[in-house]
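Colleague: One structure, as structure tokens, below. Some questions next.
The values are calculated or read from the model by the stated rules, or taken from the named source; none is laboratory data. In this text, all values refer to a predicted model and were calculated from it rather than measured experimentally. Cβ atoms come from the backbone with ideal geometry, glycine included; neighbour counts cover every protein chain shown.
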């Protein structure tokens with residue numbers, strides 16, 4: 001008598017490893033690729049396609065903000081949210097950066 005469950009089927013080794021009740025893998029690292037390095041983004045995206053703990057992102061931020069034509073209202077923010085950081089420096093220098101995300 002054949003078993004109805006594919007979890008025990010030797011032809012499907014991955015079925016036994018991942019059950020439907022298992023929690024999804026959480027992203028633990030971001031790989032951010034500079035916007036002008038689309039070919040590298042595609043390469044990394046394919047390379048990490050099966051890895052649920054890594055997410056590859058293409059940086060599409062614009063460096064300069066729009067200039068205002070009229071007088072400015074009172075600023076709601078206390079500081080610029082996009083201050084230069086190590087990630088920005090790495091994106092300019094080598095075109096990519098790895099950002100570890102906090103976790104347990």
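Colleague: For region 30-53, name all the residues that are loosely packed, with under 15 Cβ neighbours inside 10 Å and under 13 Å from residue 101 (Cα atoms).
Modeller: 53
Colleague: Right, here's the next one. Confirm whether residue 21 is at pLDDT 85 or above and either in contact with a helix residue (DSSP H, G or I) (Cβ under 8 Å, 6 or more places away or on another chain) or assigned to a loop (DSSP other than H, G, I, E, B) (or both). Spell out the reasoning first.
Modeller: Working: at pLDDT 85 or above: no; either in contact with a helix residue (DSSP H, G or I) (Cβ under 8 Å, 6 or more places away or on another chain) or assigned to a loop (DSSP other than H, G, I, E, B) (or both): yes.
Taking the combined requirement at face value, the residue does not satisfy it.
Colleague: When you look at residue 101, is it at pLDDT 95 or above and surrounded by 10 or more Cβ atoms within 10 Å (Cβ to Cβ), yes or no? Give the derivation first.
Modeller: Working: at pLDDT 95 or above: no; surrounded by 10 or more Cβ atoms within 10 Å (Cβ to Cβ): yes.
No.
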